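Written out below as structure tokens is the structure these notes cover.
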Amino acid sequence: MPSRTLPRVAAGLRSASERGLLALLMLMFLAGSVLPPGAASSPDLANRNSKAGHDHCQPSQELPEDRHNATKKAFPVLSFDYHHVQKPFEISLWVLLASLMKLGFHLIPRLSSIVPESCLLIVVGLLVGGLIKVVGEKPPVLDSDLFFLCLLPPIILDAGYFLPIRPFTENVGTILMFAVVGTLWNAFFVGGLLYGVCQIRGTDLGHVDLLACLLFGSIISAVDPVAVLAVFEEIHINELLHILVFGESLLNDAVTVVLYHLFEEYAGVGSVSMVDVCLGVISFLVVSIGGILVGTIYGILAAFTSRFTSHTRVIEPLFVFVYSYMAYLSAEVFHLSGIMALIACGAVMRPYVEANISHKSHTTIKYFLKMWSSVSETLIFIFLGVSTVAGEHRWNWTFVIVTVILCLVARVLGVVGLTYIINKFRIVKLTTKDQFIVAYGGLRGAIAFSLGYLLNEVQFPTRNMFLTAIITVIFFTVFVQGMTIRPLVDLLAVKKKQETKRSINEEIHTQFLDHLLTGIEDICGHYGHHHWKDKLNRFNKKYVKKCLIAGERSKEPQLIAFYHKMEMKQAIELVESGGGVKMPSAMPSTVSMQNIQPKKPVSDRVLPQISKGREEEIRKILRTNLQRTRQRLRSYNRHTLVADPYEDGWNELLLKRQKIIELEKKVGSFETPAASRSRWAEMTKMSNYLTVPAAAPDSPTMSRARLASDPQAYSSKPGSDNLPTIKVDLASPQSPDSVNLVDELSKRAGQGEEPDEDGGLVMKVPSSASGKDTKEDQNGAKDQQRLMRCLSDPGPSADEEEEDEPFLH
Amino acid sequence: MGSSNSTLSKIPNVDDLMQETGFTPAHIVRLYDRFQALDKDKKGHLSPQDFGSIKELALNPIGDRIIGAFFASGQETVDFHSFVRILAHFRPIDKNRPRDPNVPEPINSRTSKLRFAFQLYDQDKDGKISRAELLQVLRAMLEMQVTEEQLESIADRTIQEADLDGDSAISFDEFRKSLEKVNIDHKMSIRFLR
């Protein structure tokens, strides 16, 4: 409980632990800033320590030492050798600092909702830089190599890998227009007018020549993906605007690279001829298309490699990361656009890699990318703040103010003008609100700073002035525009991102409409958007997928994948919520042949017919057991992580459940055992399901038993041993292939009861549930437990069972 | 243009057509040229075989349904007017249309577009998409790559999701409701027909 004597900020904190954490943060803060400078004095400390040790041990070792050459020192028990680990230590400290800062912001509730994170981080950077300066050391400046080679790629890869392809390709024309034409317009407008202003007498800027101005214009005109991401992530605007601004920030890299190099080359010479301009245009094409090509090649390589990783699932994410980084570096070797290469690589490899890799690898990739990009972003902003304090500045009021104003004006004019042209070609036009957001969202960021920093001081004596202006613009856009964009979005009632997921109806009908439009385009003889998309899809399906996707997955149509994802999500939700309570197909609860209920009207979406108390009990037991399941499955040893054939068995389970629902629908009245048996046999016959090899036709009793043990189908029977406990059989390392699953199933059908196996949770079917063939039911129960195993990848081997403590979450 | 005027004059009732469908003369001329190109025997109307000669359409999973939509029930031929009328569905929506309840819906309104799509599903024209009809469409779109059970599961789930009045079939209103979040203007418009 915060006492009243605490300062106002801390009064907002809710508990003592948060206060403690903030105190810790402050401490780390100071330590981080002070320690690196303190490293300089380490060698002295080391010497002093060893001497002390020597003195200490002197009395006991006098005699022997005198005999030898007295160079032997006493063995240092504890020594201080900071120099040895200085570099990695500092890097780690910075990263830690950045992460703790990020953590800290979210503990202060009001702050994080008003001020975007990027602003706060820059302020932190300023403070840290200030602190370092106060201590007397020189704060580090954001080294361009570090920025371009280490900090930027994770962010871009994250963006490219998770790029929403559909909206991107639908708007690619608009995006390219903004990126290429818009950036060119910005660069020349700002550069040109700035030169004009510089020529005005009285501003003391006459020495800045045209090419330098144009160079400056090209540096400052590019919308920065890092800043855009940082700000737009928090405001959740609709997909269209997001992809427009974001896509523009990514694709303008090529333009920036070309312009920058062009002007930098020729600024020394002092003039640019027509030939150079033509070469510049060609260079632009080479840079952009080359970058995309390099990225695509690496993407295909990555996809191809992932085809063969089914036996070494652990290093799957590594391929994604390394291939992408190589793509970036390879593009940078030739001065092609590294960003476009990275985007192309990520976007190309994603559909194929995702079809090949395991679920866990997918999660790993996702979280690693998010983690790295988050840390990078944080570090970039902090360093930006530190560099501001560190750098030498030359403040020139006119230059800076004019720059800021020109940037804004250029952006607005550019967006409005381009939209006017673009709207002639768009079906869904951009409204004024959209234009405003696009213009307002054109934030500048660290890329501009780094490019400015790269300038040669000798060639460009006005470099410091440029840097000051760049930093001012960055600060302005990030602080002013970044902070005000959220209230403006709310004020203007801009459409926000749709939170709801697509339904299967939408998916099917959208595909249908795609085919329809393709057909109509063919009838009209018009080779439009749909025509080419269809051709590409066909090509993809026919040739590319076969090469790049392993096994049977290559034939899986998108609709099926979507459907399965949906079913899986729903099934997981179902299980988590305690089992079978709200099945949308409102059907009678039990399938037990003796407990037939009349078919209820569909509108009455009912719960199963068990008493409330029983239901609660069941839910509780299911919940606790399932939680244990999840925890157990999480803790794995990387060496025993086996291939996950059961992942696909999960699909089978879901489909079986669907069937069960269907069957419930159909079984309206009591049927003769024979009839029902044959119906079961027919309905549960599983032929090829995706990658799972054909399962043996289930025996009717087994399926019925499975059904009976379905939580939904629970009949109210007293007695604790009748309550289901779900067993998740831990995968034994010797059964990596799913064929064994099938064999086990058929094997067991004939066997008698077996003693309980290694650990885990057991789902026991109440023997009287179905009222028939109880012995077979128990066998069935044992069999069906194998299927229930497929909640996730198989976890640890059996002997790791004692590791029962829950995985730290 | 001289040539387009002469082409226009060849088409009977071209003004009514333009009024009804909202196409400009340039569009009509272009469509007429296409019509002529498809009508290889110069019969003045199109038969199913003429459509069949468009080879991309043969590859389209719902190609035959689309062709069928051009031919009004029972008819064997499509004249130019019907051709244009069907294609008018795919004009982009006029956003500034005054919402006059007395005036009938234009051909390219959202409702009309959806109705056109609905009719492609509903082959027996009973006003509902039954499970069997949905299965047929799914089978055609998924091109035999999946098993029958999977198709049935998907069909069941689709109907389950969309069906609000419990008749295990999707009526036009349910169809429309399930697509309310989709930008139909975007998905069912061809740019050049603006």
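No lab work stands behind these numbers, since they all come straight from the coordinates. Just so it is clear, the structure is predicted and the values come from calculations on it, not from any experiment. Counting neighbours? That spans all protein chains shown, and the Cβs are built from the backbone with ideal geometry, glycine included.
Computed from the C-beta positions of A:Phe334 and A:His393, the FRET efficiency with R₀ = 45 Å rounds to 0.85. Placing pseudo-labels 7 Å out from each Cα toward the beta carbon at A:Lys433 and A:Val172 gives an inter-label distance of 2.9 nm.
Figure the gain on full extension for B:Gln119 and B:Asp173 (residue separation times 0.36 nm, minus the Cα-Cα span) and round it to one decimal in nm.
Details: separation 54, 0.36 × 54 = 19.44 nm, distance 1.27 nm.
Extra length available between B:Gln119 and B:Asp173 comes to 18.2 nm.
Measure nothing but the geometry: give the 0 to 90° angle between the long axis through the Cα atoms of B:131-142 and the longest principal axis through the Cα atoms of chain B, rounded to 10°. Orientation of helix B:131-142: about 70 degrees from the principal axis. Compared with the dominant principal axis of the Cα atoms in chain B, helix B:148-162 is inclined by about 80°. Modelled label positions at A:Leu111 and A:Val135, each set 7 Å beyond Cα in the direction of Cβ, lie 2.1 nm from each other.
If you take the square roots of the eigenvalues of the alpha-carbon gyration tensor of the range A:80-149 and sort them as a ≥ b ≥ c, do you get rounded (a/c under 1.5), prolate (a/b over b/c) or oblate? Don't skip to the answer; put the middle values down first.
Working: a/c = 1.86, a/b = 1.80, b/c = 1.03.
Taking the square roots of the gyration eigenvalues as a ≥ b ≥ c, the range A:80-149 is prolate.
Measuring between alpha carbons in the structure, the pairs from A:Lys496/A:Lys569; A:Lys546/B:Lys125; A:Lys424/B:Lys177; A:Lys497/A:Lys565 lying more than 29 angstrom apart are A:Lys546/B:Lys125; A:Lys424/B:Lys177.
Once both labels are positioned 7 Å from their Cα atoms along Cα-to-Cβ, the gap between A:Ile282 and A:Ser577 label points is 6.5 nm. How tilted is helix B:110-121 with respect to the longest principal axis of chain B? Cα atoms for both, answer in degrees (0 to 90, nearest 10). It works out to around 60 degrees.
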